[in-house]
1. Going down the list Lys320/Lys384; Lys118/Lys333; Lys93/Lys275; Lys205/Lys320; Lys231/Lys334, which pairs span over 28 Å between their C-alpha atoms?
2. From a point 7 Å beyond the Cα of Arg147 in the direction of its Cβ, which residues of the range 198-218 have a backbone N at a distance under 15 Å?
3. Along the principal axes of its C-alpha atoms, what lengths does the range 103-171 span, in descending order and rounded to whole Å?
4. Would you order Glu186, Glu219, Glu211, Glu415 from fewest to most other beta-carbon atoms within 10 Å of each residue's own beta-carbon?
5. Roughly how large, in nm² to one decimal, is the mean projection of the convex hull of the alpha-carbon atoms in the range 184-280?
6. Arranged from highest to lowest average of other beta-carbon atoms within 10 Å per residue, in what order do the peptides 283-290, 323-330 appear?
7. For Lys204 and Lys419 in one chain, what is 0.36 nm times their gap in residues minus the Cα-Cα distance, to one decimal in nm?
8. I need to check one value: relative contact order of the range 78-160, counting alpha carbon pairs closer than 8 Å and at least 6 residues apart, in percent.
Amino acid sequence: SSNNLQGYAPICLGLEDFYIRRLYLRIQDCFGRPISSAPDAWFDVVERYSNDNNKTLKRTTNISRCLNLGSYNYLGFAAADEYCTPRVVETLKKYSPSTCSSRVDGGTTDLHNELEEKVASFVRKPAAIVFGMGYVTNSAILPVLMRKGSLIISDSLNHNSIVNGARGSGATIRVFQHNVPSHLEEVLREQIAEGQPRTHRPWKKIIVIVEGIYSMEGELCKLPEIIAVCKRYKAYTYLDEAHSIGAVGRTGRGVCELLGVDTADIDIMMGTFTKSFGSCGGYIAGSKELINYLKYTCPAHLYATSISPPAAQQIISSIKVILGEDGSNRGAKKLAQIRENSNFFRSELQKMGFEVLGDNDSPVMPIMLYNPAKIPAFSRECLKQNVAVVTVAFPATPLLLARARICISASHSKEDLIKALEVISRVGDLVGIKYFPAESLKP
Ligand code: PMP
């Protein structure tokens, strides 16, 4: 329990910097009695997101200003944006924060229709449907598409929303080794013969689910190879682009654009608006038939309140900026910047001797700590030097593969990145996680 929680203001104005308040908790049992020898615990909460250079915040000893290396604000749209923010504010006044209705009971505004058209054309699919939450997009759609008698083949590191959606569908689930197309083929071959017509199979439907960029690995999906396998075995493809849409590709259109994949080869394209677009919600894009089917049958569309109009406006506006439809070249600059920032940060970390996972161009870069005991020291020492990083451990990763997960944004300046690298280098020496000494990296 804490009597300090009124200090927590979850208002998201911008994510390059944030303030942290340390909350001290007295650990009690369910009758409110202090648990005998347990010391007071503490945790840090994000007090206030701001890009206002600390003009308004009263400093107290508990609050420090940190550089945020953990947020998914890949293009910086979650900070006050000169094009998006005034339009979001106008929408808030015109429509209010919520429609208070489901899509089919009066919760569809012109903005919802515009958003779906915009998303479909952005991801180059005939149609799209949007939901108020990215997590729900996966977990509610899969049970509509798949059922008992269908087969889901899922990458072993797919996100929990996919895992839960798959489990909830009642379909049979098989897992293939993370990002290994030859193992996917093995699993498919166990289930059906290559080239076997759909009508002669033991499964009503087979769907293969992958992600564009894996959020704990920073790795790009081996999409061309996976599509080739799916075509050979006539399996449907489902691609979650939560971390890749808007973040990679020449015009921000995700891994398909980056890897030269025709979106016609992906049956179901899923993504979230909580990362590159600085908003909330998720989408499914696909054929008109698929989207119409979902609109008539998906309970999360029929029975849940529609996505908030200001959130919808934020997405529409940020896509317009990405595509240059705001009349500026800011979108193109942001895309070039995130790529440059990511590749710079990754290569500098590697030069310092850190083991960094993931691929070039990916803004997600896990630094391996391995031993979970190194987590508290690493994050605490970074935080002491005003750099906030997210650390990840079991059960999100295997027990001995703990890591710090850096997320790079287009809105990090070069000075920010250099400062962060200096801090991470010092902390890396202190904690002992430079596995490749700099001399050994010299040619
Ligand atoms: N899919 C993936 C791959 C994710 O990483 C996440 C969350 N980070 C989600 C879905 C859920 O998205 P949201 O946070 O927008 O609900």
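Quick note: the coordinates plus some simple rules give every number you see, no bench work behind them. Note that the structure is a prediction, hence the values are computed from the model and not measured. Note that each Cβ is placed from the backbone with ideal geometry, even for glycine, and that neighbours are counted across all protein chains shown.
1. Details: Lys320/Lys384 39 Å; Lys118/Lys333 21 Å; Lys93/Lys275 25 Å; Lys205/Lys320 37 Å; Lys231/Lys334 35 Å.
With Cα atoms farther than 28 Å apart: Lys320/Lys384; Lys205/Lys320; Lys231/Lys334.
2. 204-206, by backbone N distance to the label point.
3. 37, 28, 21
4. Values: Glu186 14, Glu219 19, Glu211 27, Glu415 9.
Going from sparsest to densest Cβ surroundings: Glu415, Glu186, Glu219, Glu211.
5. Working: hull surface 27.5 nm².
The orientation-averaged projected area of the Cα hull of the range 184-280 comes to 6.9 nm².
6. Working: 283-290: 20.0, 323-330: 14.0.
The densest-packed peptide leads the list: 283-290, 323-330.
7. Values: separation 215, 0.36 × 215 = 77.40 nm, distance 5.48 nm.
Gain on extension, Lys204 to Lys419, equals 71.9 nm.
8. Numbers: 22 pairs, mean separation 9.2, N = 83.
Computed over the range 78-160, the figure is 11 percent.
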